[in-house]
1. Rounded, prolate or oblate: which one fits the range 335-397, using the alpha carbon gyration tensor with axes a ≥ b ≥ c (rounded when a/c is under 1.5, else prolate when a/b beats b/c, else oblate)?
2. In the range 286-394, which GluC sites (Glu not before Pro) are in a loop and have at most 11 other Cβ atoms within 10 Å, using DSSP for the loop call?
3. In what order, largest first, do Thr60, Thr464 sit by accessible area if the probe radius is 1.4 Å?
4. 7 Å from Cα along Cα→Cβ at both Thr272 and Ile358: what's the point-to-point distance in nm?
5. How long is the gain from Val488 to Gln51 if the chain were fully straight, where each residue apart is worth 0.36 nm and the alpha carbon distance is subtracted?
6. So, by mean Cβ neighbours within 10 angstrom, what's the order for 30-43, 394-407 with the highest one leading?
7. Ranked highest first by average number of other Cβ atoms within 10 Å, how do 82-95, 465-478, 411-424 line up?
8. What net charge do the residues around Ile394 carry, taking every other residue with its C-beta under 15 Å from that of Ile394, with Lys and Arg at +1 and Asp and Glu at -1?
Amino acid sequence: MYRYHVESFLIIFLGSVLLTSINHTHDWGGDFAQYMNNASDLINGTKTQQQEILDHENFTPLSRGAGFSLLLAALYPVFQDSIAPYTIFISLCLIIASIGLFQFFKKEGLSPWLSLAMVLIFVLHPLVVVQRMEILPTFPFLILLFIGFSIVDQSSKKSILLLGMVVGLMISFRNVGWVFMAALFIHEGIDLLKSFHWQKVFRVLLIVIVSQVVDLLIKWIVFGQLSFENLSWYDSVFTPAQMWLKVQENFFYYYDLIHLFFRQYLVQVNHTLYEKAFLALVLLGFLSRLRSWKLYDTFFLLYLALILTYFWQSGMRFLVPVLPIILGYLGSGMKWLLSKFIKEEHPRWLVFSLCLPIIFLIGQANESMAAIQQAKSTVPGPQSPAAIEAFDFIRRHTDPAQSIAFHKPWVLHHYTGRVSMAINPKNGIEGFSMSYLVDKMQRFKVDYLLISIDPKDVAIYNQTLVSAISGDTRLTERRRNDAFVFFVIENKD
């Protein structure tokens, strides 16, 4: 199977599957709204100030995702806030990433057919493919990550400069790009201990300098300043006093997610046995790598350590950068086990090596197609008629300097241009109380409150809030539709 045939197949097959089902609506995720707002600011020559997102330091750094925002800014003048073109772009990034992943698996010694199977398992997995509906840097970052893995061992000056640029782009897209930098330091440090040479030191310094120049230049272009606020904000998230409890909680959370990733739905197969077999092969593959340790192995461990200690959990999205590595371990485990019984040159090798992946793909087929087709459904979010009507009313009947409390402050700010404040406390909707909200609104002298009254909007609906607000004399209803109520806040002082 020639490489360019596989690449052509991936482009044609995945393009026909992914690009024929595109969503035109987005969920209530605040991250995408922040990236879109950054892109809008860049194109329009404006800048969102700290006082426009009240209490933002408790939820998100004001300046983050500069690289991804710059990428969106290339599309924004033409498509503005239309969702479909951006999700097409994200789907294209997933297709491009699939080509890089095929090369990665093949480079790690898997056969072309097994490499192709691993790529399809990843790309078409229902928990992965559904993420193309999110306008987030998940898949663009994945492309950069595996470009980094592919060129890290090249020693030419051009490849060193390229690696520095790729690392800088990674950091500008997502702060976890620093994990790649840390893994690179460890990788190069071990190499220096084995054989010290000043040229190797120069290589590391050049990568660091180039990466920081690229990262800071992109931040300057997007935000108009060299801000390190995002790093200090992420540092504040890690609380040593609760670290061990968080590690335990996250361990079981992500273990269950990985277990869920390998779940299949064939009635004829013992589900538990099948899933355990996959996990055992992954562990076997990981252990088989100990004698030929590479950069991505170090990245894998460091990345897992990071998400195990991180305050927030974000489902499969946080595992996407390491899922291909886990599948690589799966392939290595299968290869090692089969080599004990069959020579790789034997025709039966191909048959046996593809048995589990094919069963996996067949077992996931219905769920994968359902996840792909899900993109055609309308997602509760800022593109709903009720949200559009509410935002339009706010733009027409409030002053730009007035502030509004809402569950998703970045969404409100982007779609209305108004000063916004998050309703939720730092620990989410579950930590809400009316006394907390009233105290916060008075502290920040908030003028209005927008709440959801539609239980279908699960990301922003809070039954406790809806019940508590009913009859509260400090609030005067100004506007109501099927999904939202807009209040004027009386007696702010």
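The values are calculated or read from the model by the stated rules, or taken from the named source; none is laboratory data. The structure presented is a predicted model; accordingly, all values stated were derived computationally and were not measured. Here the Cβ positions follow ideal geometry from the backbone for every residue, glycine too, while neighbour counts run over all protein chains shown. Remember, those area values only see protein heavy atoms, side chains included, never the ligands or the DNA or RNA. Shrake-Rupley method; radii C 1.70, N 1.55, O 1.52, S 1.80 Å.
1. prolate
2. Answer by residue number: Glu345.
3. Details: Thr60 15, Thr464 80 Å².
From most exposed to least exposed: Thr464, Thr60.
4. Distance between label points: 2.9 nm.
5. Details: separation 437, 0.36 × 437 = 157.32 nm, distance 2.01 nm.
Gain on extension, Val488 to Gln51, equals 155.3 nm.
6. So the order, starting with the most tightly packed, is 30-43, 394-407.
7. In descending order of packing, they fall as 411-424, 82-95, 465-478.
8. Charge balance near Ile394 sits at +1.
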